[in-house]
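Notes follow the structure.
The values are calculated or read from the model by the stated rules, or taken from the named source; none is laboratory data. Treat the numbers as computed from the prediction; the structure is a model and nothing was measured. Quick reminder, even Gly has a Cβ in these numbers, built from the backbone with ideal geometry, and neighbours come from all protein chains shown.
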Amino acid sequence: MEKTAWIKIKKAAWPITAAVLAIALIGALAWGRSAANGRAATQANLEHLYQSAFDGLDNGLRTISTDLSKLRVATSSAQQTVLLSAVWREAAQVQEAAGLLPLNTRTSNALLRFINQTGDYCYMLCKRVQAGQGIGEEQYKTLLTLEEQSGAVADELDGMREENVDWAAFSAEAIEKAQSEAFDGFNKLSQSIEAYPTLIYDGPFSESEEKRTPVSSALEPVSYRAAQAAMEQLFPGVYTRKDDVDGQVPQYAMEAELESGQTLDLRVTKHGGLLYAILPSQATATDVIPEPAQVPALEKAALAFLEEAGFSNMSGVYAQFYAGAAVLNFAPVQNGVILYPDLVKVWVDSSTQQILGLEAHNYIVNHKERQLPSPATDLVSLSKRVSERLRIENTRLALIPCEDGQERLCYEFTGTNGEDTFSLYLDAKTGLEQNVLLIVDAEDGVFVY
């Protein structure tokens, strides 16, 4: 359509002369300065990553507000479709930016819920307009509300920008407690967003969807001790328990200080002991966007980690690149069918192939053994329904999420038209067209629209 170098020090022979001691001391001081410089550079890279994500969040929300404002006067279905789909696409980019920020659970949940609902509501309206139903008066009122809310959030972010956010204060421990003055702006932001009324509509990101029971809740409860033991197999080190996380997927929170010096902020589900998230807690070794030739090695490293962490039969689906890191998206495969509702995202350092982060919410909420139906329409006859203007390069079966909250087994036809790449989804039972995606292979990743 999404592994540390060791230094061995040999004991010196005794006795050591004063001259050798002096040289060793000078060397140690020089090494200390070098290490300090390295830590400073790492911190600078991390702060640069946070600032870039913050800018993407702020600018993206401002763009969303602007496009929504245009819908107040746009009357043609063609222009309404363009604007609604633009908001939907921008919301996806804003969500990615928000996911890179060191936000506590409360702020992250509030922000992502607002962004998801905004994008999904516009996608639902876009499909409605395309079906010739138009935008009703109540829907215009909702769009105006979303316009005002996204603009208000952007205004608050502008105010935080003017005050210069102190990214150095965002340590893993401080993030969840949010006690530093640096968090005041984000705390105020989450309070504002939580006051927004929930949208009432039947979309996959509606409130009812967010509150539905995750598949993982049927798994056996595990103790914190068992959850930590499982993580120690993946990441040997010194562990500190943090405050538990409540919500749709209850989690144990822990911080692991590895022998390499790396610190990981981990989340593990209380049912099943599944790895729910690794929150990025350090900068990459470089701030250069990965080259396309590096992607296979990064994907191999991520797949090896996923297998070790209990995510089996995964396949890479698309990637996004940021300064020094790749965010690779994977989906499980069952009997040759790729399960798009169960995506897992993995952050990988492009220079060291070290795992920096992971987000498995969709997998944990949705993943189970599906009772997949046999395709009622054969591939040969279905291929004839594909536009002759699409030069088919790859075909496979895929389970996709639909805007009505259901899942459908489809044939995925990926091909080109001119210089553009598209994926077309035809229902394997009815043969009806379910979705068309534009695949953009850009400098900073592969994106789907």
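Structural remarks
- Residue pairs meeting the criteria (Cβ under 6 Å; at least 6 apart or on separate chains; first more than 14 Å from ASP58 (Cα to Cα), in the range 148-174; second buried (at least 16 other Cβ atoms within 10 Å of the Cβ) and modelled with pLDDT under 85): ASP166/ALA182; TRP167/GLU47; TRP167/TYR50; ALA169/ALA182; PHE170/PRO102; ALA172/SER281
- So GLU369, is it within 29 Å of ALA229 (Cβ to Cβ), outside any loop (DSSP other than H, G, I, E, B) and among the acidic types (Asp, Glu): no
- Some residue of the range 383-397 being at pLDDT 90 or above, in a loop (DSSP other than H, G, I, E, B) and surrounded by fewer than 18 Cβ atoms within 10 Å (Cβ to Cβ): no
- Of the helices (runs of 4 or more DSSP H) lying entirely inside the range 72-173, the ones with 3 or more residues being exposed (fewer than 14 other Cβ atoms within 10 Å of the Cβ) and not assigned by TED's automatic domain parsing to the domain that holds ASP243 are found at 137-162.
- Count of residues meeting criterion [among the hydrophobic types (A, V, I, L, M, F, W, C), in a strand (DSSP E or B) and more than 23 Å from the chain's Cα centre (by Cα)] in the range 216-256: 1
- Residue that is modelled with the highest pLDDT, among those in the range 154-173 that are within 19 Å of ALA97 (Cβ to Cβ) and small (Gly, Ala, Ser): ALA154
- Condition check for ILE364: of a type in the set (A, V, I, L, M, F, W, C), at pLDDT 90 or above and closer than 30 Å to LEU101 by Cβ: yes
- Selected residue (only one of LEU101, LEU143, LEU61, LEU57 is at pLDDT 85 or above, in contact with a Phe, Trp or Tyr (Cβ under 9 Å, 6 or more places away or on another chain) and under 30 Å from GLN248 (Cα atoms)): LEU143
- A Cβ distance below 8 Å, combined with a sequence gap of six or more or placement on separate chains, defines the contacts here; from the range 218-237, residues that are more than 14 Å from GLU257 (Cα to Cα) reach residues that are surrounded by 16 or more Cβ atoms within 10 Å (Cβ to Cβ) and among the aromatic types (Phe, Trp, Tyr) in the pairs TYR224/TYR252; ALA227/TYR252.
- When the test is whether a residue is surrounded by fewer than 23 Cβ atoms within 10 Å (Cβ to Cβ) and at pLDDT 95 or above, ALA304 passes it.
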